[in-house]
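All remarks here apply to the structure that follows.
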Amino acid sequence: MTNHTGKHAIVTGAAQGIGRAIAQRLAEDGANVTVSDINGDGAKAAAEAIGHGAVANTCDVSDPDQVAALIEGAARDGAPDILVNNAAIVPFVAWDDVDLDHWRRIIDTNLTSVFLTCRKATDMMRAAGRKGTVVNIASNTFFAGTPNMAAYVAAKGGVIGFTRALATEVGKDGINVNAVAPGLTESDGVKASPHNEAFEFVEMLQAMPGKGQPEQIAAVVSFLASGDAGWMTGQTVNVDAGMVRW
Ligand code: NAD
Ligand code: 4PL
């Protein structure tokens, strides 16, 4: 068990799927969690189900004003301690259908959003003298070049690059910045999409059998957000049953 007692945590995209499991795990580990999502009703339902004092928030992470309001509102005593950038669109789009509108939508929601939340949160952490932690949710598609997700793969590569750069920029302030790269995981979004048909193929590539579960991702996020990972920064940890080994 990892102890986050007294810490203020923000999880974006936490109404369902991996984000919801991360919010649940951080709350069980003692954090005061803000369960944020563009789907405000879903965030409310998730926060109520999670309990442990979790509160709901409505925020589109691609909107700078909404992001500023999220981070300021959740920083109940000056700055958040833990920021988990999980919100993303997980598309399944054939390469021939990847146009500029799709590309911009995915880069805005999956990459620029991470800049926006980190800009605001690390500014507030530094102003408050807080040694916070940031965990970005990337994807092992960056390593595999997974089909039908070209813009998504590019955005996740950007998240991994930004994780390295931001770790350098704020390391002197005692702020850790790391990323988790899940493999195919049985989230609500995946279950309702064509990705659900890929489990058999992905299992053949994994070192260990089984379908990845949101709780298995959440456990590693909670570790990276804790003091036990205090000597790690700028890293990306694959959580994918060994599908990708590097
Ligand atoms: P999901 O679709 O089940 O949930 C995503 C959540 O993000 C939803 O609640 C949605 O409303 C929210 N969201 C979407 N756009 C938003 C926006 N603009 N602002 C705020 N919230 C927004 O997805 P998931 O499978 O749980 O994925 C969660 C994270 O894990 C994503 O970063 C995804 O890229 C990553 N990931 C997922 C898998 C997988 O196989 N499920 C694998 C690797 C990485
Ligand atoms: C291996 O991040 O990592 C499908 C869909 N397959 O979103 C992902 C794999 C998907 C993945 C992902």
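FYI, it's all coordinate maths here, none of it is from the lab. The shown structure was predicted, so the numbers you read here are calculated from the model rather than taken from an experiment. Cβ atoms come from the backbone with ideal geometry, glycine included; neighbour counts cover every protein chain shown.
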- Rounded to whole angstrom, the alpha-carbon centroid of the range 127-196 lies from that of the range 205-241 at a distance of 11 Å
- Hey, could you get me the Stokes-Einstein D for the range 106-184, Kirkwood radius over alpha-carbon pairs, 37 °C and 0.692 mPa s, rounded to whole µm² s⁻¹? 252 µm²/s
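Could you compute the FRET efficiency for residue 103 and residue 127, with r as their C-beta to C-beta distance and R0 at 45 Å, rounded to 0.05? Write out the running numbers ahead of the final one.
Details: r = 35 Å, r/R0 = 0.78.
After rounding to 0.05, the efficiency reads 0.80.
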- Message: Please list, in order along the range 204-213, the HN-Hα scalar couplings obtained from phi with the Karplus expression 6.51 cos²θ - 1.76 cosθ + 1.60 (θ = phi - 60°), rounded to whole Hz, x for Gly and Pro.
- Response: 5, 8, 6, 6, 10, x, x, 9, x, 10
- In vacuo Debye sum over C-alpha of the chain, base-10 log of normalised intensity I(q)/I(0) at q = 0.07, 0.11, 0.16 Å⁻¹, listed in q order, is -0.20, -0.51, -1.15
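I'd like the FRET efficiency for residue 96 and residue 246, computed as 1/(1 + (r/R0)^6) with the beta carbon distance as r and R0 of 41 Å, rounded to 0.05.
0.85
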- Of the cross-linked pairs 156/211; 172/211; 120/172; 120/156, which ones have a Cα-Cα span greater than 29 Å in the structure shown? 172/211
- Query: Considering the range 4-75, what Rg and Dmax in Å follow from its alpha-carbon atoms?
  - Reply: 10.8, 30
- Just order 164-175, 135-146, 52-63 by mean Cβ neighbour count inside 10 Å, highest at the front, would you? 135-146, 52-63, 164-175
- Message: Taking amide H atoms as placed 1.01 Å from N in the peptide plane, list the residues 5 or more away in sequence, or in a different chain, whose amide H sits under 5 Å from that of residue 212.
- Response: 186
- 222 nm mean residue ellipticity, helices alone, for the chain (DSSP H n ≥ 4; -39,500 (n - 2.57); rounded to 500): -12500 deg cm²/dmol
- Under 5 Å from the placed amide H of residue 238, counting only residues 5+ away or on other chains, we find 181
